[in-house]
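Following: one structure in structure tokens, then a few remarks.
The values are calculated or read from the model by the stated rules, or taken from the named source; none is laboratory data. Keep in mind the model is a prediction, meaning the values are calculated, not measured. Reconstructed Cβ throughout: ideal geometry from the backbone, glycine too, with neighbour counts over all protein chains shown. Ligands, DNA and RNA are excluded from the accessible area calculation, which covers all protein heavy atoms including side chains. Shrake-Rupley method; radii C 1.70, N 1.55, O 1.52, S 1.80 Å.
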Amino acid sequence: MSETSFYDVLGVSTAATETQIRQAYRNLLTKTHPDKGGDAEQFDLIKAAYEVLADPEKKEIYDRTGKVHLSVEEQLRRTFGHGNFRDTGAASQATNATLSEQITVRQSPVEQSHTAGFDAWMRARGDASGSVFTADTIADKYGVVQGSYNSIALPATETYQVKCVKAGPALEALELVSEPLAASLEWGEVLVSMQYAPINPADVYTARTGGMYGDAQGTPPFVAGHDGVGCVTKVGEGVKGLVEGNWVVPRCTHLGTWRNLAVCKEADLLKLPEDALPIEHAAVFRELCLAYRLLEDHGNLKEPLLGSAASEEGDIGDCIILNAANSTVGQLIIQLCRLLQLRCVAVVREREQATGGVAQCADRLKSLGATHVLLDKGSLKAELDKVKFFARPKLGLDCVGGASTLRLSDALAQGSQLVIYGCMGGKAPAWPWQSWVFKDLHVKGFNLRKWMADNSKQLPKMLEALGKLVKAGKLVAAYTEYSFPAEFGEALAHACSSYRDTKILLRFGEGCSNEAT
């Protein structure tokens, strides 16, 4: 055992009792908290020491090996929020300069120099300020002249695909057809054998609107499907980042994933690390990442302080509230809250008794980690008061819109944040001005695809964290498989039904093989 052992950190002997360890920790907790002038790193070390020595199983391993064993849940809590999820007090908070200090700095000789002016001009250019144009950049933007490279021939084969032929209800607008595969791979193209693709609400919405998704508008006929996971089976010239056997997911919308074979541009695909996720969970890659980002990037959430009176009474962590809690994203958020020791208020629509009723839905969500399950009607704030839930949620997550969004915002604590990541109800919320002025409501939109485009370097670390949780069985996405193309009609009908509580997946083939290879 090292000189700076956890026993030394707490100032106790290796023979200390559980009570002595706890009392020493509480004494240090009071003296060393950064809010009271203590050192943040030392404070974190004290908490880490108590976390091990207060747990008989971890203490036994530590006494025997001098090493600390962390479960996947503990690894998540230590790395979540870039290490800021744990309370390190005021010392960990960035300080903002006052207006007078900023004026002083801006008027200093350094800030008035030619160099500072050039830096300001570069910042004013936005994203173009750091752009470097290469031959690849020009090729991506303007293409490559045919004949200047060798096309890769593809075998003559038919591919099954689902086409949106008109705007309207999905069951009427979508048709299953068979068409010839492209004759060859051109510059920068790959052949992808689709493995799984979900039928998402966004896909149904795109069919209903004849091609709309966000601010992008397609024109029928087009191949349906925005998401999915596939395997690269052939690579064309000019492709640098993909090889045969790589797993890929769409980087953009309107890729047309509801087909067994697809010719795609390398730039439109995102390579997944090998064995990052089980293949079925890779198909809901976007839902997993969205749930993770909504919690990590918003609300400045904190876990309970270990050993505090609140944690002893079971009143753990900060609280969030979300609607459409029975959706795939909602269920994943609830599970992450449980792992992070956050309280979660789940809001769901009323449902018919024939579908299992609200009680069955509430039992399932509570088994995943929901603290309370409320119906999306009336006053959510009043319902929380009835169950004496007085510590208001500090983060609201909305994907419904309309009146449901207003109910969420009304239930939030003063100065809280509401994040809108969808609008399944099709109606924009309209807040009364009092919400902005007197409640200090902060509303923000979030789009995962934009986040991925702006933060590609953070993606591998997030996938590693999610992969550990999924493989350990701590984070599970409920799904129902249908074989494509044979069971597509049944799959679409199931996806368009209400209260299904499961993700509908189209299964295209086995492994990473296809006749077109």
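Things worth noting here:
- Summing Lys and Arg as +1 and Asp and Glu as -1 over all other residues whose Cβ lies under 11 Å from the Cβ of ALA370 gives a net charge of +3.
- Residue-count net charge about ASN300 - beta-carbon cut-off 9 Å; Lys, Arg +1, Asp, Glu -1: +1
- Ranking MET424, MET452, MET212 by solvent-accessible area of protein heavy atoms (1.4 Å probe, all protein chains present), from largest to smallest, gives MET424, MET212, MET452.
- Excluding ligands, DNA and RNA, the accessible surface per residue across the range 236-280 is 44 Å² with a 1.4 Å probe.
- In order along the range 172-182, phi translates into HN-Hα couplings of 9, 8, 9, 10, 8, 10, 10, 9, x, 6, 3 Hz, rounded to whole numbers, per the Karplus curve 6.51 cos²θ - 1.76 cosθ + 1.60 with θ = phi - 60° and x for Gly and Pro.
- Taking the C-alpha atoms of the range 136-212, convex hull volume expressed per residue in Å³: 146 Å³
- Protection proxy ranking, peptides 489-496, 342-349, average beta carbon neighbours within 10 Å, highest first: 342-349, 489-496
- Under 5 Å from the amide H of ASN246 lie the amide H atoms of VAL232, each residue being 5 or more positions distant or on a separate chain, with H modelled from the backbone and absent for Pro and chain starts.
- Listed residue pairs exceeding 20 Å between alpha carbons, taken from LYS394/LYS439; LYS47/LYS67; LYS234/LYS503: LYS234/LYS503
- Here each label is just a point 7 Å from Cα along the line to Cβ, and for ALA156 and GLU57 those points are 6.3 nm apart.
- Among LEU492, ASN455, GLY445 - extreme Cα towards positive end, dipole of the range 434-499, charges at beta-carbon: ASN455
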